[in-house]
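In what follows, a structure is listed as structure tokens, so that the remarks can point back to it.
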Amino acid sequence: MATTINALSAENIDPTTPASTAIAVQNLTKWYGPRQALKGISFVIEPGEVVGLLGPNGSGKTTTLRIVTGYLRPTRGSVFVCGVDALENPTGLRSLIGYVPEDIPLYNGMRVQEFLTFIARLKGLGSGEAKRAVAEVAERLGLEPFLKMMIGKLSRGYRQRVALAQALVSDPKVLVLDEPTNGLDPEQIIATRNLIRSLAGVKTVLVASHILAEMEKVADRVMILLNGRLLADRIMVRADKHNRIRLSVSGARDQVEAVIAQVEGVRRVECEGSARNGFATYIVEGESFVEGLAGRLAEALVKHRFMLAELADSSIDLEQIFLDLTRRHKEQDGEGL
Amino acid sequence: MRGFKLLLFKEVKALFSSEIAYVLAAMFLVVMGYTFSVAFFLNRVASLVHLFFQMYVLFLLTVPIITMRLLAEERRLGTLELLLTSPVSEAQIVLAKYCAAMSLIVVMVILSTSYAIVLALFGQPDWGPIYSGYLGLFLLGSALSAIGLLTSSLTANQIVAALASLGIFLLLWAIDDFGLILPDPYDTLVTNLSLSTHFVPFATGSLYLSDAGYYVSLTLLGIFLSVRALGRR
């Protein structure tokens, strides 16, 4: 697990090529009066990545997103989006980004079509282009039957869809979503997740959430923010998903390893620590496309008469990483570091 | 420029699709009609001076209601975040809001020209004071709208915005009285801050560049500070 975490300090970010990156944030600091909301965070997001910004409420997620979208100005630090400097050219920056703020602010007195057309035109689309873009995004998000409805009369789920539609309507390079599944029912949550996943590789997506499970399902990579500090920026969620299995097996270590290594789909096996009560723990890494690996491992071990005490999915556990990092951070703070 | 046009169109549409605009215009016309009739039948003089003073007072009371929602509502709903993350500048947003407020004021002023038409039909009015009075009303409306917009830009609460602008208007309305008790040269300074001091010449047919300059300065100051208020983030 340790290999997947790149504990972070400002120095190990490379700020040299903001033009080739989708979002490059360097040493971002934000003070609200006497309170420091962001304490010098830096990160880089490559084009096409879906990156999650995870942190408890009040950790600085919304502030970060608001600075990236050009709504807030940082006290210090720099933001480049697709090579455009947010501080020098805020208007240029804003035309690159589609943004869904947390509280889904919409004009209740407008009809859905009117609102989406207004936003599309505001983002620089011509009249005909805007019409086409609204029709396309409405079809994609299932909003066609609601185009003539007043926004104020829509349910929460549809309001969220309209908010997503306004972010997508101008076909921006970068999409920034703040808690996009807040207040949605399970079906709507799944639909929103699927939508975000469908954008992977096509658009750069930065999505903030305080819900761990949410991040595991939508993001390729997760950054963890706590009390205005970025604790980790490279927790690879999808790369490591469902291909690590932890086994507790009794028997001679080399024999067990040999049996495991022969199972189809196993890429690597590693014994973790010494045996306890005759059982040793093995971490098995499988190819990411392999399915049914756990079953085949159990079958092979039992067939060779090894005793199997435990078999568990050891794919990355975001919750555990999050807890470990926040604990470590609190300990460091306690030591005055 | 396109952003400005889009925002202006949205604002004007929002303003004229709310009942507030119609209730205000109707109330305005009823009070104007009453004032015009009483002044006309009592004095039997073909003049609109009374009407201009009545409109002056009515503007002090109605402009806060027109301007209170302009930015405060955007702030409360959070839609300001949508606007300010779109490729439009703060100045475009503020100017669009200001022009939208002015559009309603201009409509109200235009409706009130019906009384000038009545005068023209039944008498021979002196048109000079009527033209200058309408110019004064336009400039007054402009200055009040800009101040109203400023208070609306500072809060998310429409009532607070309305009360704050009403307070400023009433203070500027009556501040010339305060000038009477001040020693020279402060008396002149304070008297010249007054909305009334600069409106009376317009209503009575005297045009001074200084009076126009006062209203134009207030307008520019209000717009400038509103842009600054939006820019402070």
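The values are calculated or read from the model by the stated rules, or taken from the named source; none is laboratory data. Computed from a predicted structure; not experimentally measured. Here the Cβ is made from the backbone with ideal geometry for all residues, glycine too, and neighbour counts use every protein chain on show. All accessible areas refer to the heavy atoms of the entire protein, side chains included, with ligands and DNA or RNA removed. Shrake-Rupley method; radii C 1.70, N 1.55, O 1.52, S 1.80 Å.
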query = Tell me, what is the percent relative contact order of chain A, built from C-alpha pairs under 8 Å that lie six or more residues apart?
reply = 19
key: Long-range HN-HN contacts of A:Tyr99 with modeled amide H, under 5 Å   = A:Val176
note = Contact-by-burial set, segment A:64-108, min loss 50 Å², accessible area of protein heavy atoms with 1.4 Å probe, reference chain alone, gives A:Tyr71, A:Arg94, A:Pro105, A:Tyr107
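Does chain B come out rounded, prolate or oblate, given a ≥ b ≥ c as the square roots of the eigenvalues of its C-alpha gyration tensor, rounded meaning a/c under 1.5 and, failing that, prolate meaning a/b above b/c? It would help to have the intermediate numbers written out before the result.
Values: a/c = 2.13, a/b = 1.41, b/c = 1.51.
Oblate is the answer for chain B, as a/c is 1.5 or above yet b/c matches or exceeds a/b.
Determine the alpha carbon to alpha carbon distance for each of A:Lys123/A:Lys203; A:Lys61/A:Lys123; A:Lys203/B:Lys13 and list only those over 29 Å.
Details: A:Lys123/A:Lys203 17 Å; A:Lys61/A:Lys123 25 Å; A:Lys203/B:Lys13 34 Å.
Flagged as over cut-off: A:Lys203/B:Lys13.
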message = Below 12 Å, Cα to Cα, which aspartates and glutamates can A:Lys173 reach? Residues fewer than 8 away in the same chain don't count.
response = A:Glu46, A:Glu49
ask   = So what are the ³J(HN,Hα) numbers for segment A:219-230, from phi and the Karplus equation (6.51, -1.76, 1.60; θ = phi - 60°), rounded to whole Hz, Gly and Pro as x?
value = 9, 7, 9, 10, 10, 10, 10, 9, 6, x, 10, 8
note = Honestly segment A:37-83 on the Cα gyration tensor test (a ≥ b ≥ c root eigenvalues; a/c under 1.5 rounded, otherwise a/b vs b/c for prolate or oblate) is just oblate
remark   = Listed residues B:Phe52, B:Phe169, B:Phe178; largest mean-square fluctuation, Gaussian network over chain B with Cα springs below 10 Å, found at B:Phe178
request  = Report the accessible surface area buried between chains A and B, summing both sides, using a 1.4 Å probe on protein heavy atoms only, in Å² rounded to the nearest 100.
outcome  = 2300
query = Stretched out fully, how many nm does the piece from A:Arg197 to A:Glu272 gain, at 0.36 nm a residue minus the Cα gap?
reply = 23.6 nm
remark   = For segment B:2-231, averaging the sequence separation of alpha carbon pairs under 8 Å that lie six or more residues apart and dividing by its residue count, the contact order in percent is 27
remark   = Of all trypsin sites (Lys or Arg not before Pro) in segment B:14-110, the ones in DSSP coil with at most 13 other Cβ atoms within 10 Å are B:Arg44
message = Using each residue's phi in segment A:119-128, evaluate 6.51 cos²θ - 1.76 cosθ + 1.60 at θ = phi - 60° and report the 3J(HN,Hα) Karplus result to the nearest Hz, with x for Gly and Pro.
response = 5, 4, 5, 5, 7, x, 6, x, 4, x
query = Which of the residues in segment A:118-147 show a loss of at least 10 Å² in accessible area from their chain by itself to the complete set of protein chains, at a probe of 1.4 Å?
reply = A:Phe118, A:Ile119, A:Arg121, A:Leu122, A:Lys123, A:Gly124
inquiry  = Between A:Val207, A:Val218, A:Val137, where does the largest GNM mean-square fluctuation fall for chain A, given springs only between Cα atoms within less than 10 Å?
reply    = A:Val137
ask   = Roughly speaking, to the nearest percent, how much of chain A's 1.4 Å accessible area is carbon and sulfur?
value = 49
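Sequence gap at least 6, Cα distance under 8 Å: using those rules, report the relative contact order of segment A:244-313 to the nearest whole percent.
Numbers: 124 pairs, mean separation 32.2, N = 70.
So the answer I get is 46 percent.
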task = Write down the accessible area per residue of the protein assembly as shown in Å², having rolled a 1.4 Å probe over the full set of protein chains.
result = 46
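What percentage of the solvent-accessible surface of segment B:1-96, computed with a 1.4 Å probe over protein heavy atoms, is contributed by carbon and sulfur atoms? If you can, show how the numbers build up before the last one.
Values: 2910 of 4130 Å².
Carbon plus sulfur share of accessible area: 71 percent.
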query = Looking at segment A:84-174, which GluC sites (Glu not before Pro) are in a loop (DSSP not H, G, I, E or B) and have at most 16 other Cβ atoms within 10 Å?
reply = A:Glu88
remark   = Computed over chain B: longest principal axis from alpha-carbon atoms vs helix B:49-77 long axis, angle to nearest 10 degrees, is 10
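Please give me, ordered by residue number, the GluC sites (Glu not before Pro) of segment A:160-228 that lie in loop per DSSP and have at most 15 other Cβ atoms within 10 Å. If you can, show how the numbers build up before the last one.
Details: sites: A:Glu187, A:Glu214, A:Glu216; in loops: none.
Passing both the DSSP loop test and the Cβ count: no residue.
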key: Between helix A:186-198 and chain A: long-axis angle, C-alpha atoms, 0 to 90°, nearest 10   = 90
note = Comparing A:Glu264, A:Glu144, A:Glu49 in a Gaussian network model of chain A (Cα, 10 Å), the one with the largest mean-square fluctuation is A:Glu264
request  = With everything on Cα atoms, drop me the angle between helix B:158-180 and the longest principal axis of chain B, reported from 0 to 90° to the nearest 10.
outcome  = 40
task = Take the alpha carbon gyration tensor of the protein assembly as shown, find the square roots of its eigenvalues, order them as a ≥ b ≥ c, and report rounded if a/c is under 1.5; if not, report prolate when a/b exceeds b/c, else oblate.
result = prolate
message = Based on DSSP loop calls and a cut-off of at most 11 other Cβ atoms within 10 Å, the longest stretch of chain A free of exposed trypsin sites (Lys or Arg not before Pro) is what?
response = A:149-304
query = Put simply, what bits of segment B:74-90 lose 30 Å² or more of accessible area when the other protein chains are there, versus the chain on its own (1.4 Å probe)?
reply = B:Leu77, B:Thr79, B:Glu81, B:Leu82, B:Leu84, B:Thr85, B:Ser86, B:Pro87, B:Val88
